[in-house]
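All remarks here apply to the structure that follows.
The values are calculated or read from the model by the stated rules, or taken from the named source; none is laboratory data. Source: prediction; values computed, not measured. Reconstructed Cβ throughout: ideal geometry from the backbone, glycine too, with neighbour counts over all protein chains shown.
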Amino acid sequence: MKDYSAQNKKAWEYDAYGFWVRTAGTPSERAQKDKEDPAGMLRRYADYFDGYEGVRIANICGSCGKKAVPLALLGAQVTVFDISEDNKRYAMETAEAAGVDIGYEVCDILEIDMAKYCGCFDVVFMEGGVLHYFHDIDEFMKIMYALLKPGGKMICSDFHPFTKIMDSLKLEQPTMGYFSTEVFEGEMAHARFYGEDIRRQMPRCMYRKYTISEILNSILRTGFCLKRFDEHPAWENKDLPGEFTAVAQK
């Protein structure tokens, strides 16, 4: 495992299970919400799926299963790949409470067992801040490409590169020049929800943020056919870009 991945793992296993219970409810409470409206729990991402029944989905950095469980409720066969054992515990307990099965592999995404998973999936799907955890975007995209069956689709939704120069999502991360290639140490995503005493002692992550052109060119270099690129407004200020979604086909 790369040194920065080991550091990120420590951050994402710091009170992660407790955090999800406090913010999303117990696994049984979360499962009930998922069962009531699984398509609604997918939010905008539902627009990017052609169907669910029997579709094999690799949920990359799928965290606590907040999208994997709704996808499974809709009939998909979902495998989560994530670096955190605490995230797995919450996700698997939620899936059990919801009455669905999901697969969950705790691993560095760059070290996924390709003897087992190469060419297995109809869709690779990720959402939220994912790309900035990987310091070589081409290496990451090659893994995504390899996971897919021929004709399979990648749905890559992430924080908009505009957030490099302005904290439009209020994540309390440092800003920098748009074209900066700096790798920097910063707080993990949920640190801002803790008191200052705890926040100061929480493990930190190593980030590398990309420009739009770096992301799109990496997708194309890898061999994907780019089908769609959408930009989405920031959560609290609809006049600023906050997220994007790229859809590409193998």
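Some notes on this structure:
The rows are residues; the columns are (1) part of a helix (DSSP H, G or I); (2) loosely packed, with under 15 Cβ neighbours inside 10 Å.
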{"site": "Ala11", "(1), (2)": "yes, no"}
{"site": "Gly40", "(1), (2)": "yes, yes"}
{"site": "Tyr45", "(1), (2)": "yes, no"}
{"site": "Asp50", "(1), (2)": "no, yes"}
{"site": "Gly54", "(1), (2)": "no, yes"}
{"site": "Ala58", "(1), (2)": "no, no"}
{"site": "Lys66", "(1), (2)": "no, no"}
{"site": "Gly75", "(1), (2)": "no, yes"}
{"site": "Val80", "(1), (2)": "no, no"}
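- Test result for Phe229, part of a strand (DSSP E or B), over 28 Å from Trp20 (Cβ atoms) and within 18 Å of the chain's Cα centre (by Cα): yes
- Qualifying positions in the range 4-36 - in contact with a Pro (Cβ under 6 Å, 6 or more places away or on another chain) and closer than 27 Å to Glu185 by Cα: Lys10, Ala11, Tyr14
- Only one of the numbered conditions (1) assigned to a helix (DSSP H, G or I); (2) over 17 Å from the mean Cα position of the chain (by Cα); (3) of a type in the set (A, V, I, L, M, F, W, C); (4) surrounded by 14 or more Cβ atoms within 10 Å (Cβ to Cβ) is violated by Leu220, and that is (4).
- Condition met for Asp86 (part of a loop (DSSP other than H, G, I, E, B), touching a helix residue (DSSP H, G or I) at 6+ places or on another chain (Cβ under 7 Å) and either more than 16 Å from Pro27 (Cβ to Cβ) or of a type outside the set (Phe, Trp, Tyr) (or both)): no
- Among the candidates Ala146, Ala189, the residue that is within 19 Å of Gly65 (Cα to Cα) and either part of a helix (DSSP H, G or I) or out of contact with any Ser or Thr (no Cβ under 8 Å at 6 or more places or on another chain) (or both) is uniquely Ala189.
- Subset of the range 181-215 that is under 17 Å from Glu13 (Cβ atoms) and of a type in the set (A, V, I, L, M) - its residue that is surrounded by the fewest Cβ atoms within 10 Å (Cβ to Cβ): Ile198
So that you can scan it fast, the table gives a plain yes or no per residue for (1) within 11 Å of the chain's Cα centre (by Cα); (2) among the β-branched types (Val, Ile, Thr):
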{"residue": "Ala72", "(1), (2)": "no, no"}
{"residue": "Thr79", "(1), (2)": "no, yes"}
{"residue": "Val106", "(1), (2)": "no, yes"}
{"residue": "Glu111", "(1), (2)": "no, no"}
{"residue": "Cys118", "(1), (2)": "no, no"}
{"residue": "Gly128", "(1), (2)": "yes, no"}
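- Residue match in the range 22-30 (condition: closer than 27 Å to Arg228 by Cβ, assigned to a loop (DSSP other than H, G, I, E, B) and either more than 18 Å from the chain's Cα centre (by Cα) or without any contact (Cβ under 8 Å) to a residue 60 or more places away in the chain (or both)): no
- Checked against (1) loosely packed, with under 15 Cβ neighbours inside 10 Å; (2) touching a His at 6+ places or on another chain (Cβ under 8 Å), Cys225 passes all but condition (2).
- Tyr178 being out of contact with any Cys (no Cβ under 8 Å at 6 or more places or on another chain), surrounded by fewer than 21 Cβ atoms within 10 Å (Cβ to Cβ) and assigned to a helix (DSSP H, G or I): no
- Put simply, of Lys142, Lys170 the only residue that is farther than 19 Å from Gly128 by Cα, basic (Lys, Arg) and surrounded by fewer than 17 Cβ atoms within 10 Å (Cβ to Cβ) is Lys142.
- Exactly one residue out of Gly119, Gly129 is surrounded by 19 or more Cβ atoms within 10 Å (Cβ to Cβ) and either modelled with pLDDT under 95 or touching a strand residue (DSSP E or B) at 6+ places or on another chain (Cβ under 6 Å) (or both), and it is Gly129.
- Of all the residues in the range 150-197, those that are free of Cβ contacts under 8 Å to residues at least 24 places away in the same chain, out of contact with any Asp or Glu (no Cβ under 8 Å at 6 or more places or on another chain) and of a type in the set (Val, Ile, Thr) number 1.
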